[in-house]
Amino acid sequence: MTTLTNLTQERRLVTAIPGPKSTEALKRRTEATSGGLGMAIPVVIERASDAILLDIDGNQIIDLGSGIGVTNVGNAAQRVVDRVIEQVQAFTHTCFTVAPYMNYIEVCEKLNAMTPGSHKKKSLLVNSGAEAVENAVKIARHYTKRPAIVVFEHSYHGRTNLTMALTAKNMPYKEGFGPFAPEIYRVPMPYSFHWVGDQATITEDAIDMVTHKIDKEIGAHNVAAILIEPIQGEGGFIVPPKGFLPALAKYSKDNGIVFIADEVQTGFARTGHMFAVEEEGVVPDMVVTAKGIAGGLPLAAVTGRAEVMDSVHASGLGGTYGGNPIACAAALGAMETIEEENLVARAKHIGEILGSSLRELAKKYPVIGEVRGRGAMQAIELVEPGTKNPNTAAMGVVVKYCQSQGVLVLTAGTYSNVVRFLPPLVITDELLKDALSVLDDAFASL
């Protein structure tokens, strides 16, 4: 099969960023596209492979964002490309609920086998993380015959009407877009860095607060589902303290509540486990996946206990494009890549390099208030030195400096002061260390 030559995995700048061609193209972007669309780095990409983005000016940029945690297996991964070409030559669409096809079934079989738990599971494929979350909520409500959904402070679950209601942060996700769907209840998230109280008892205190609010303000018997990200993504890579997720899962089971893990950003080897809940042996009733599932093509899934997934009447679930055959082919290629290249272990290795380097930076620069995360999903929270006050200005300077030197990093956080790192799991040690040296220079520039 004929393929383009892969890009050399090295950072290379031939113009300033943005270069003249990107500058002109971005003028056309402004004229042609909605002003409501953001932009992380002011370049236009021509090609990409593994952890390098090539812009139209010829600059090679190190990608530490993976398209927001999507290209876990690397950009244009060979197994993904080969399967997509084969599928697009066979057929492009029939709609699975009209005329089924095998690779939808195969993706579901793999999801049922790889998600946590030995119980009987079934899956549903859709197009995006937000659509998968919506379907998980629909199914949980249908199964339990209850209305209420419990979510957490600092959470992010999508941009549709229901998922905006589930999402915590107002700006930019919710501002001006209401009213939102009802029967959504938000409870405290143990954000250790900003937790007021005894750090030694944070898990116990947080569980007491959460369960008290559910019992007294909602009524556990009214709750269809508890929905949580095992590590919060857009909220700033907030890692729940040890014991919190297992306690939530137990409370859910004891009260007939469907426990849903939103693994959209944490799934598919990202954290050094195939799914982040495996860190503490948690077995959710439902797992929501997207992003890293298909190597860059739009696909998402809900995988859950068979009795829960089968509780919905025939034709109650579905959608024209859900589980598109080309996206399913890409997912099979991505799953093969994760397994055959042992990317779970690779994510742990990346985490060791990333974590140790970020902690060294924190010792040098007091503007770094905390380093947190797991595997190839880590972040630094920037503060005014000597305080825990958010330092959004410093974040902006650091990100802009990295961009100017050919390193793409992303931001996050309820307080808009977190720099997050989501490198492709195939990034070389040398390329990662080069990017981290640029990050060091960025902080020195402050």
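The values are calculated or read from the model by the stated rules, or taken from the named source; none is laboratory data. What you are looking at is a predicted structure, and each value in this text was computed from that prediction instead of being measured. Cβ placement follows ideal geometry from the backbone for every residue including glycine, while neighbour counts extend to all protein chains displayed.
Taken together, the residues in segment 225-264 that are outside any loop (DSSP other than H, G, I, E, B), farther than 30 Å from A331 by Cα and touching a residue at least 24 places away in the same chain (Cβ under 8 Å) amount to 5.
For segment 210-228, which positions are in contact with a Pro (Cβ under 9 Å, 6 or more places away or on another chain) and buried (at least 21 other Cβ atoms within 10 Å of the Cβ)?
Initially, segment 210-228 is screened for residues in contact with a Pro (Cβ under 9 Å, 6 or more places away or on another chain), giving 210, 213, 222-224, 228.
The answer is V210, V223, A224, I228.
Of everything in segment 92-121 that is outside any loop (DSSP other than H, G, I, E, B) and among the charged types (D, E, K, R), the residue that is surrounded by the most Cβ atoms within 10 Å (Cβ to Cβ) is K121. Looking at I326, I353, which one is of a type outside the set (K, R), out of contact with any Pro (no Cβ under 9 Å at 6 or more places or on another chain), surrounded by fewer than 24 Cβ atoms within 10 Å (Cβ to Cβ) and over 17 Å from A269 (Cα atoms)? Answer to the check: I326. In segment 43-67, what count of residues is obtained for those that are touching a residue at least 60 places away in the same chain (Cβ under 8 Å), out of contact with any Leu (no Cβ under 6 Å at 6 or more places or on another chain) and closer than 21 Å to I326 by Cβ? Number satisfying all stated conditions: 1.
Identification of strands (runs of 3 or more DSSP E) wholly contained in segment 318-422 with 1 or more residues that are among the polar types (S, T, N, Q) yields 377-382, 410-412.
Within segment 122-136, restricting attention to residues that are surrounded by 21 or more Cβ atoms within 10 Å (Cβ to Cβ) and of a type in the set (D, E, K, R), which residue is nearest to Y104 (Cα to Cα)? Before you say what the answer is, go through the steps one by one.
Of all residues in segment 122-136, those surrounded by 21 or more Cβ atoms within 10 Å (Cβ to Cβ) come to 123-126, 129-136.
Among the residues that remain, those that are also of a type in the set (D, E, K, R) are: 131, 134.
Details: E131: 17, E134: 20 Å.
Here the answer is E131.
For G35, state whether it is part of a loop (DSSP other than H, G, I, E, B) and either touching a residue at least 12 places away in the same chain (Cβ under 8 Å) or in the same structural domain as V418 (by TED's automatic domain parsing) (or both).
Numbers: part of a loop (DSSP other than H, G, I, E, B): yes; either touching a residue at least 12 places away in the same chain (Cβ under 8 Å) or in the same structural domain as V418 (by TED's automatic domain parsing) (or both): yes.
Considered against the rule, which asks whether it is part of a loop (DSSP other than H, G, I, E, B) and either touching a residue at least 12 places away in the same chain (Cβ under 8 Å) or in the same structural domain as V418 (by TED's automatic domain parsing) (or both), G35 comes out as yes.
Would you check if there is a residue in segment 79-93 being in contact with a strand residue (DSSP E or B) (Cβ under 9 Å, 6 or more places away or on another chain), of a type outside the set (S, T, N, Q) and on the phi < 0 side of the Ramachandran plot? No, there is no match, as no residue in segment 79-93 is in contact with a strand residue (DSSP E or B) (Cβ under 9 Å, 6 or more places away or on another chain), of a type outside the set (S, T, N, Q) and on the phi < 0 side of the Ramachandran plot. Looking at S311, is it under 17 Å from Q378 (Cα atoms), at pLDDT 95 or above and either surrounded by fewer than 24 Cβ atoms within 10 Å (Cβ to Cβ) or of a type in the set (A, V, I, L, M) (or both)? So S311 fails the test. Within segment 359-392, the set of residues being under 18 Å from K433 (Cβ atoms), without any contact (Cβ under 8 Å) to a residue 60 or more places away in the chain and in contact with a strand residue (DSSP E or B) (Cβ under 9 Å, 6 or more places away or on another chain) comprises R359, A362, V371, I380. Of the listed requirements (1) in a strand (DSSP E or B); (2) more than 17 Å from E153 (Cβ to Cβ); (3) within 17 Å of the chain's Cα centre (by Cα), G267 misses just one: (1). A single entry from V407, V426, V418 fulfils the requirement of being touching an Asp or Glu at 6+ places or on another chain (Cβ under 9 Å), more than 25 Å from A76 (Cβ to Cβ), surrounded by 20 or more Cβ atoms within 10 Å (Cβ to Cβ) and in contact (Cβ under 8 Å) with a residue 12 or more places away in the chain: V418. Pairs meeting the criteria (first residue in segment 322-345 and under 15 Å from L297 (Cα atoms) and touching a residue at least 12 places away in the same chain (Cβ under 8 Å), second residue of a type in the set (G, A, S) and part of a helix (DSSP H, G or I), beta carbons under 8 Å, at least 6 apart or on different chains) are P325/A90; A334/G292.
Here is a yes/no grid of residues against (1) of a type in the set (K, R); (2) part of a helix (DSSP H, G or I); (3) surrounded by 15 or more Cβ atoms within 10 Å (Cβ to Cβ):
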{"site": "V151", "(1), (2), (3)": "no, no, yes"}
{"site": "H154", "(1), (2), (3)": "no, no, yes"}
{"site": "R159", "(1), (2), (3)": "yes, no, yes"}
{"site": "A168", "(1), (2), (3)": "no, no, yes"}
{"site": "K174", "(1), (2), (3)": "yes, no, yes"}
{"site": "M189", "(1), (2), (3)": "no, no, yes"}
{"site": "G197", "(1), (2), (3)": "no, no, no"}
{"site": "I202", "(1), (2), (3)": "no, yes, yes"}
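Could we say that V88 is part of a helix (DSSP H, G or I) and within 30 Å of A306 (Cβ to Cβ) here?
Values: part of a helix (DSSP H, G or I): yes; within 30 Å of A306 (Cβ to Cβ): no.
Taking the combined requirement at face value, the residue does not satisfy it.
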